[in-house]
1. In nm, to one decimal, how far is the modelled label at Arg4 from the one at Leu89, with both set 7 Å along Cα→Cβ?
2. From largest accessible area down, sort Ser50, Ser124; use a 1.4 Å probe on the protein chains.
3. Keeping all protein chains in position, work out how much accessible area Val7 exposes to a 1.4 Å probe, and write it in Å² to the nearest 10.
4. For segment 42-88, what is the accessible area per residue in Å² when the probe is 1.4 Å?
5. Please work out how much length the chain gains when fully extended from Leu59 to Phe42, using 0.36 nm per residue of separation minus the C-alpha to C-alpha distance, in nm with one decimal.
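The values are calculated or read from the model by the stated rules, or taken from the named source; none is laboratory data. What you are looking at is a predicted structure, and each value in this text was computed from that prediction instead of being measured. Note: ideal-geometry Cβ built from the backbone for every residue, glycine included; neighbour counts use all protein chains shown. Ligands, DNA and RNA are stripped out before the accessible areas are found, and what is left, the full protein with its side chains, is counted by its heavy atoms. Shrake-Rupley method; radii C 1.70, N 1.55, O 1.52, S 1.80 Å.
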Amino acid sequence: MVKRKFVASLLTFFISTLIITLFVPIDIIFSEYNERRDFFHFFDEFLIYSIYTGAGIFLYGLPLSIIIEKILKKSKEARFFFTFAFHLLLGIIPFFLLWFFTLFSILISVLFFIIDEILRSINSRGIKK
């Protein structure tokens, strides 16, 4: 389970950082939009975003996701619903610290949940064969 969660967090980290870097130039956040976007500017933004998304995913999201999994391990029927609800709820909590990152946090937590569920289904199919 921990290995699957770590792989899900790595995939979520790369996908979310890439998407955020592509669609939200860092200049927009600081109200200084610059039309020029070359590879080096993109790479700089990718590194800056990766610091924040990496800290959020690996220091906040991964441990909480493991805790959610352990709590809901016995619940078979409603596990999917409650796991999604807890991921969504915990994605909203950063609103109280950095309100302008709330949308990113919610989207990243949902992406983490989706990737984790895909990996779970792949693992369960692989074990049954």
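1. The answer from the label model is 2.2 nm.
2. The most accessible residue leads, giving Ser124, Ser50.
3. Surface accessible to solvent at Val7 totals approximately 60 Å².
4. For segment 42-88, the solvent-accessible area averages 65 Å² per residue.
5. 3.6 nm
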